[in-house]
């Protein structure tokens, strides 16, 4: 169309948003929108987007003019999901972390983010991927085992009351079982389920 100029609108990071046209003003010249570029951007394949690079200040009347910068293509990851490598938390693109780090989804993915969800709270990031923190896993397994052990002892407390009708042979077997429960954390195999002390067959 006559007296129209095509401009390419960018955001504050120089990322191409859309292209449009501006009309010739009555006094002559064109009113170029803030952060708009008149240089035609390159075609981008899937997964990439155009970004304008320039040392010219955005408020300068020459911003976006030919010879004041250049287009480049960068990764476009804005449709992807990312997780913090510090704790596995979901990262919202464009938000600032506690350390003041920001990623808006364009350009290379920074090292403090990953596309892989954290498998569990027992996994830590080693720089290449999530790895099981074996010491933490062992502590958790031991804690769970002790909870079961303590509950099993409490479950049999009433059977050890002097007035509980229990034959001596059964009472002796129960005492041995309860002692085995107390000793279990010091035995090899703890806290594996297969190493749990076995109760008397009648219990």
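A short reminder: the numbers here are calculations on the coordinates, not readings from a lab. These numbers were taken from a predicted model, which means no experiment stands behind them. Ideal geometry is used to build each Cβ from the backbone, glycine not excepted, and the neighbour counts take in all protein chains shown.
Observations on the structure shown:
- Per-pair calculated FRET efficiency, R0 = 41 Å: residue 137 and residue 11 via Cβ, rounded to 0.05: 0.40
- Equivalent ellipsoid dimensions for region 92-202 as semi-axes, Å, which come from the Cα gyration tensor, largest first: 52, 14, 9
- What the Cα atoms of the chain give is an Rg and a Dmax of 33.9, 111 Å.
- Stokes-Einstein diffusion of region 134-195 at 10 °C, 1.306 mPa s viscosity, Kirkwood radius from Cα pairs, rounded to a whole number: 123 µm²/s.
- Seen against the Cα atoms of the chain and their longest principal axis, helix 134-155 is set at about 40 degrees.
- FRET efficiency for residue 59 and residue 95, using Cβ-Cβ distance with R0 set to 35 Å, rounded to 0.05: 0.85
- The chain, relative contact order [Cα under 8 Å, separation at least 6], %: 11
- Cα convex hull of region 4-75 - mean projected area over all directions, nm²: 4.8
- Computed on region 77-131, with alpha-carbon pairs under 8 angstrom and 6+ residues apart, the relative contact order is 37 percent.
- Relative contact order (percent, whole number), region 117-186, Cα cutoff 8 Å, 6+ residue spacing: 20
- The chain - mean residue ellipticity at 222 nm from DSSP helices (-39,500 (n - 2.57) per run, n ≥ 4, rounded to 500): -6500 deg cm²/dmol
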